[in-house]
């Protein structure tokens, strides 16, 4: 499906939703925010996926690694071919043709074959963590790789990368001229590992946690609470308090007994909803971990019985 068709399907879906909700398209668009075709990819189901194009600096570093490798390999190939041509008595008039063939093989054909075989990877991109993909996010074919390598000979090798850098600086996805002609861009794939911060039961709720029952809470609500706690620092103050109050109201149906909670903090004895959610998440985590440990202990006790032969059955092994 083309990007134009994807955009059209998204607009049709948005129009249908706004009509059913009684909103005008302009007010609904203002509520949701505009779709950015440069930083998002719209799927056939009208779901916007965030894109991570590689920066100009990352592309420059990867390109330096790649073209240094290809130029050195091309120089070695050219030296071997010219030495072999002189050894077999090849006319000097054909040396220029041999040189052109070696340069084409080493600087144009070899990069294209490497990119097509590795689906957009190369030595420099392996080091930097990016990959060449189509504009719609799919894997490139040989024609894309060949166009990029052929144009790259003129905009990178002939201009020492100057033309490629200038074009990339003027493009929001850091595309060079070869990417514009081939319909590709460099997507950054290396994401830093997320170190999840694990909190225990707040001190103010330690006594309450000893008798609290949170076992009836649905798993979906528990996951929403855990997600909110992970992302709470990224919300504004009013949004953070509103979400915490809403989740507390839902969790209160499955928690017994309930502590004294008030979002307005009218007295020192009253706790914020976010502290309550942190205590609930910690209790759920601790009790699920305890249940898993008890289950593993029971399985370990039953293992000799499960592995043993039936009574009276001969051991033939």
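The numbers here are math on the coordinates, done by the rules we state, and not lab data. Here the structure is a predicted model, which means the values were calculated and not measured. Cβ atoms come from the backbone with ideal geometry, glycine included; neighbour counts cover every protein chain shown.
The single residue among 106, 137 that is under 19 Å from residue 54 (Cβ atoms) and either surrounded by 18 or more Cβ atoms within 10 Å (Cβ to Cβ) or in contact (Cβ under 8 Å) with a residue 12 or more places away in the chain (or both) turns out to be 137.
For every residue, the table says whether it meets (1) within 23 Å of residue 126 (Cβ to Cβ); (2) under 25 Å from the mean Cα position of the chain (by Cα).
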{"site": "177", "(1), (2)": "no, no"}
{"site": "182", "(1), (2)": "yes, yes"}
{"site": "190", "(1), (2)": "yes, yes"}
{"site": "220", "(1), (2)": "no, yes"}
{"site": "228", "(1), (2)": "no, yes"}
{"site": "241", "(1), (2)": "no, no"}
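Among the residues making up region 149-167, those that are surrounded by fewer than 20 Cβ atoms within 10 Å (Cβ to Cβ) and under 19 Å from residue 116 (Cα atoms) are 150, 153.
Of all residues being within 22 Å of residue 169 (Cα to Cα) and outside any helix (DSSP H, G or I) in region 54-105, which is farthest from the chain's Cα centre (by Cα)? Just the residue, please. Within region 54-105, the match that is farthest from the chain's Cα centre (by Cα) is 55.
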